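The values are calculated or read from the model by the stated rules, or taken from the named source; none is laboratory data. Keep in mind that this is a model prediction, so the values were computed, not measured. Because the Cβ atoms are built from the backbone with ideal geometry, glycine has one as well, and the counts that use them run over all protein chains shown.
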Amino acid sequence: MSITLQVTRIGAGGDGVAALPDGTPCFIPRALPGEEVLATPGPRRKDGARAVLDSVLAPSPQRVAPPCPHFTEGCGGCAVQHWAPAAQAAWKRDRLAEALSRAGFPAAAVAPTITTPMGRRRRADLALRREAGGIRIGFHIAGSAAVLDLAECPVLDPRLVALIAPLRAMLRRLPALRREGSAVVNLLDTGADLLLRTDGPLAAAERALLATFAAEAGLPRIAWAAGAGPAEPAAQLGTASIALSGVPVAPPPGAFLQASPEGEAAIIAAVLAALPSRLAGRGRIADLHAGLGTLSIPLAARGRVAAFESDAAAVAALAAAAGRAGLKLSATRRDLVRQPLTVAELAPFAAVVLDPPFAGAAEQVALLARSAVPVVVYVSCSPAALSRDARAFAQAGWAVAAATPIDQFVHSAQVEAVVAFTRPGR
């Protein structure tokens with residue numbers, strides 16, 4: 001049954017939030033703050049109820065026409081295409097300010113949001129689904145396991161969008177995709193790098209099909225994996241390489257990259273700006289959760305870098321790249337969740353940079369807050385995890401010296417941040 005609701009704010013997932021007559025929070029996708037809407041509430045969950053938006057009775061002046069037709073079809077890749085860009089930027093800045101306030105830094109100065117351009121996202125994790133009518137490739141429909149078949153995407157780099165149709169045609173002839181899988185595509189300097197995950201084995205004839213497809217589509221490499229298993233080469237026609245701060249790196253298949261070149265540049269600039277112009281002691285910097293070296297490589301221009309990362313292939317790629325470039329950089333494999341750097345191990349460093357996964361770095365942050373490191377620069381992809389982790393710094397008396405929100409995933413609910421913490425008495 002439809003009811004009239006007044007939307008008061010946007011929730012963390014990008015839904016409009018209203019209160020039901022009994023005060024229960026109600027989350028309404030595609031609704032905006034200040035709007036009066038007609039909505040049909042669904043079953044109540046632990047955090048409230050979710051509703052279907054039936055109509056907007058009084059639209060917000062910040063409501064705009066979505067730039068992608070798939071948005072109105074429920075594509076889960078974006079959450080707020082219907083909201084004016086300036087309002088999105090302000091909301092993401094507020095999310096970072098709120099996260100720091102909850103952690104114990106209510107007066108932290110937060111810079112304006114840096115928003116990356118449309119059409120520049122160079123990495124996509126696309127769902128694959130075989131159905132009677134063919135192959136569906138795209139993002140999941142919001143709140144569903146169903147796959148929305150992409151025809152266009154203004155957020156992705158056009159070169160990735162152009163790959164979707166020929167990939168769809170090739171997958172129709174690939175029995176290894178029995179029902180579902182995924183395609184992780186990274187746009188490297190050498191072309192699109194493809195990792196296919198399927199729910200069936202890859203036969204010799206299918207490897208030949210992938211090699212032909214790679215040649216026709218101009219792909220230097222296609223890797224394959226059974227489900228969530230390890231990747232293996234399926235077709236290698238050339239070198240797969242990307243320059244990180246001018247240093248060529250050969251990433252493993254499906255490697256993590258920052259979402260866009262502009263987003264990567266903004267993160268690097270904010271990290272470097274947070275470091276003192278002159279580092280104490282021998283100028284040693286630790287880069288934790290270093291990945292391929294997106295931050296380690298530019299940090300090496302500021303001091304001697306010790307990079308720590310749990311993924312063996314990423315460590316090998318970074319070590320090889322640093323060796324070829326003659327950088328003052330060591331790369332070490334270490335699981336920082338199970339074996340964080342101790343207070344004693346942290347003592348020699350003049351600064352620590354950490355870019356943890358979505359869940360955060362609670363184990364490592366607890367030790368950093370007790371350490372003598374003068375500056376810690378935290379690169380966050382989750383305001384909730386950042387808030388939990390930053391509480392340890394607040395309780396130990398640290399200060400927030402700088403906080404910069406960066407919107408790499410335009411029109412999504414995600415926001416990245418670079419936050420510099422300084423030790424008490426520094």
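Could you figure out which of (1) in contact with a helix residue (DSSP H, G or I) (Cβ under 7 Å, 6 or more places away or on another chain); (2) modelled with pLDDT under 95 isn't true of Thr294?
(2)
Suppose we keep only residues that are outside any loop (DSSP other than H, G, I, E, B) and within 20 Å of the chain's Cα centre (by Cα) within the stretch 273-296. Which one would you say is nearest to Gly119 (Cα to Cα)?
Top of the filtered list is Ser296.
Identify the residue in the stretch 25-51 that is surrounded by fewer than 14 Cβ atoms within 10 Å (Cβ to Cβ) and either more than 31 Å from the chain's Cα centre (by Cα) or among the acidic types (Asp, Glu) (or both) and, among all such residues, is modelled with the highest pLDDT.
Selected residue: Thr40.
Within the stretch 1-24, work out how many residues are within 22 Å of Cys75 (Cα to Cα), in contact with a strand residue (DSSP E or B) (Cβ under 6 Å, 6 or more places away or on another chain) and surrounded by fewer than 21 Cβ atoms within 10 Å (Cβ to Cβ).
3
Do you know which residues across the stretch 358-372 are in contact (Cβ under 8 Å) with a residue 60 or more places away in the chain and more than 17 Å from Ala99 (Cα to Cα)?
Gln364
For the stretch 303-330, which residues satisfy the criterion of being more than 12 Å from Val249 (Cβ to Cβ) and charged (D, E, K, R)?
Matches in the stretch 303-330: Arg304, Glu309, Asp311, Lys328.
Can we say Glu98 is acidic (Asp, Glu), out of contact with any strand residue (DSSP E or B) (no Cβ under 9 Å at 6 or more places or on another chain) and at pLDDT 95 or above?
yes
Which one of the conditions (1) in a loop (DSSP other than H, G, I, E, B); (2) surrounded by 14 or more Cβ atoms within 10 Å (Cβ to Cβ) does Ala316 fail to meet, given that it meets all the rest?
(1)
With the structure loaded, tell me whether Ala108 is assigned by TED's automatic domain parsing to the domain that holds Glu264 and touching a helix residue (DSSP H, G or I) at 6+ places or on another chain (Cβ under 6 Å) or whether it fails that test.
Answer is yes for this residue.
Among all residue pairs at least 6 apart or on different chains, which show Cβ distances below 8 Å where the first residue, located in the stretch 1-22, is touching a residue at least 60 places away in the same chain (Cβ under 8 Å) and the second is in a loop (DSSP other than H, G, I, E, B) and of a type in the set (Ser, Thr, Tyr)?
If the second residue must be in a loop (DSSP other than H, G, I, E, B) and of a type in the set (Ser, Thr, Tyr), the pairs left are Gly14/Ser412.
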